[in-house]
Amino acid sequence: MNESIDREFDAISQKLINACADPTFGEDRLEPLYVQFLEFLSRNEESRQQLVARILQTMKKYRTAREVKGRLLPGTAIAYAMHELRWPEIYDFAEAENREYYVKRMETLMSNLIDAYSDDWEDRFFYERFQ
């Protein structure tokens, strides 16, 4: 395990958590932080297993989001990064999690993350990088 990867992951996550807690931040102001997260994941591909484990650890906590909502890496940041990276481990987990824990008739955080893997992802229009 690479501790510097964990420290950088935590630092970027905290920036995103803080920004999302600020009601004046919209997707346009969040995108530079999403890009930072995406680029961090991209340049640390050799630590992908460790990074996937950290992302999955966060995604498991979304089930109890009411308890920990303001302290988690935003799902939108993960969706943004996965729209480009398309890591199958994240997709597979999101699908299984969505099937197991979420109401099937509702749009959920997991279904939104799954949608991000599509070239036709509706939310891509919110982001300059994907327009």
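The values are calculated or read from the model by the stated rules, or taken from the named source; none is laboratory data. Keep in mind that this is a model prediction, so the values were computed, not measured. Quick reminder, even Gly has a Cβ in these numbers, built from the backbone with ideal geometry, and neighbours come from all protein chains shown.
Tabulated data for the structure shown
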{"read-out": "Test for A53: is it at pLDDT 90 or above, assigned to a helix (DSSP H, G or I), surrounded by fewer than 15 Cβ atoms within 10 Å (Cβ to Cβ) and among the hydrophobic types (A, V, I, L, M, F, W, C)", "value": "yes"}
{"read-out": "Given (1) at pLDDT 90 or above; (2) basic (K, R); (3) over 22 Å from I5 (Cβ atoms), number of the condition R43 does not satisfy", "value": "(3)"}
{"read-out": "Yes/no for V35 being modelled with pLDDT of 95 or more, of a type outside the set (S, T, Y), within 25 Å of Q131 (Cα to Cα) and under 12 Å from the mean Cα position of the chain (by Cα)", "value": "yes"}
{"read-out": "Filter result for S47 (among the polar types (S, T, N, Q), surrounded by 15 or more Cβ atoms within 10 Å (Cβ to Cβ) and assigned to a helix (DSSP H, G or I))", "value": "yes"}
{"read-out": "Positions within the stretch 72-127 being of a type in the set (K, R) and either assigned to a helix (DSSP H, G or I) or modelled with pLDDT under 90 (or both), in sequence order", "value": "R99, K104, R105, R124"}
